[in-house]
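The values are calculated or read from the model by the stated rules, or taken from the named source; none is laboratory data. The structure presented is a predicted model; accordingly, all values stated were derived computationally and were not measured. Ideal geometry is used to build each Cβ from the backbone, glycine not excepted, and the neighbour counts take in all protein chains shown. With ligands, DNA and RNA removed, areas are computed over all heavy atoms of the protein, side chains included. Shrake-Rupley method; radii C 1.70, N 1.55, O 1.52, S 1.80 Å.
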Amino acid sequence: MKNTALILLLLIVGLCSFRSLQHGKPEKGLKDYYKSYFPIGVAVSARSLQGEEGQFILKHFNSLTPENSMKMGPIHPEQNRYNWKESDAIVDFAQKNGLKVRGHNLCWHEQTPNWMFKNADGSEVSKDTLLNRLRDHIYTVVKRYKGKIYAWDVVNEAIDDNPDNFLRESPWLKIIGEDFIAKAFQYAHEADPDAQLFYNDYNTERPEKRERIFKLLQKLVKQGVPVHGVGLQGHWSLFEPSKKELEETIQRYASLGLKVQITELDVSVYPWEKERRKLRPGEQQAYSKDMETKQSAKYNEIFSVLRAAKPTITGVTFWNVSDKYSWLDFYPVQGRKNYPLLFDANYKPKAAYWGVVDF
Ligand code: GLA
């Protein structure tokens, strides 16, 4: 009799914990809530995949973007030398654990090695030389990870910051001309015909920049360039974009037959600024109740728009894991602590997290 009661008790306890594993919110990770919508990614370094942070990443995310290691400067520091170590480690971790990888990025005006644009004697390379170098770079990197990287940010931030100009006056544009964009996509497609290829940029929801990006993409699509999607970086803030701006942006790009991904999501508690500057006295703020409420509402709004746009939105990636470390602690203001993510500095879900999974 005593034994039967004990067995019964054990059964009940077992059943309860099984149910709570299935239904209890704390056991589910962010990615699980979005299973039927889109993958949820995060920007990482190889180091962040080790130990507890690695386990945390596996719980909440099912896609990885190397934060820096695949950019041209870090991965191809000298003409005849590639640095694969960190990128390989990230791709291996993803393969082992069944995560997707977005490659980032193949052609950009920043974090590009100086040798790329120079001849041995220091003079500027010709258009043909630069195109050859761009093709070699893209072929080498994309082929190495063929079948392991499902999407690439091929060209990053080609639109100028000045609304009166169209394309940014980068060395790519100056030496090759506008064609560098189409060529980069063509090379990436030749290197891996199955990879989804994205144009990636920031402030994509501000109507005037949105239209310049639209113009670029429309041209590429008309020319038959293999571009499959637009990456909205999503470096947003408590102040922008509005719900309407985000909805209209997604519709606008989708009207070209393109997919849309949010590739670098964070919601800064400070207004957006472009230029780097020093911290002003009294400017550093603690994470206030007001920020918490506004940030949670903003994240909630963003994800309700993204869910509603489901067939167009094929991925959402956060730029860093938790408020313990964000690139926004250094940019645009060096040393100004920001709180832009869903998890606090101790990896605890913030109100914003519950705002994202509450649907
Ligand atoms: C841009 C780039 C990213 C990254 C951020 C800052 O958004 O696309 O790779 O450099 O700036 O971390």
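Can you list residues from other chains, or at least 5 along the same chain, whose modelled amide H is less than 5 Å from the amide H of N105?
Correct list: K71, M72.
Over 23 Å between C-alpha atoms is what I'm after, so list which of K298/K324; K31/K298; K96/K324; K143/K219; K174/K215 land there.
K96/K324; K143/K219, as the Cα separations exceed 23 Å there.
Which aspartates and glutamates, if any, have their Cα less than 15 Å from the Cα of K350, not counting same-chain residues under 8 positions apart?
Answer for K350, where 15 Å is the Cα cut-off: D266, D290, E292, D323, D358, listed by chain and number.
Could you order D128, D136 by accessible surface area, starting with the largest, using a probe radius of 1.4 Å?
D128, D136
Given a 10 angstrom Cα cut-off, can you work out which residue in Q223, Q196, Q295 is the most mobile in a GNM of the chain?
Residue with maximal mean-square fluctuation among Q223, Q196, Q295: Q223.
Would you grab the residues whose amide H sits under 5 Å from the one on S268? Only those 5+ places off in sequence or on another chain, please, with H modelled 1.01 Å from N.
Amide H neighbours of S268, under 5 Å, 5+ apart: W236, S237, L238.
Quick check: at a probe of 1.4 Å, how many percent of the accessible area of the chain sits on carbon and sulfur atoms?
53 percent
Hey, what's the chain come to in accessible area per residue, 1.4 Å probe, Å²?
I get 47 Å² per residue for this part.
I'd like the accessible area for F330, computed on protein heavy atoms only with a 1.4 Å probe and all protein chains in place. Round to 10 Å², please.
90 Å²
Using mean Cβ contacts within 10 Å as the protection proxy, how do 161-170, 95-104, 278-287 order, highest first?
The densest-packed peptide leads the list: 95-104, 161-170, 278-287.
How much of Y139 can a 1.4 Å solvent probe reach, expressed as accessible area in Å² and rounded to 10?
60 Å²
Take Q223 and E283, extend 7 Å from each Cα along the Cα→Cβ direction, and tell me the distance between the two endpoints in nm.
The two pseudo-label positions are separated by 4.0 nm.
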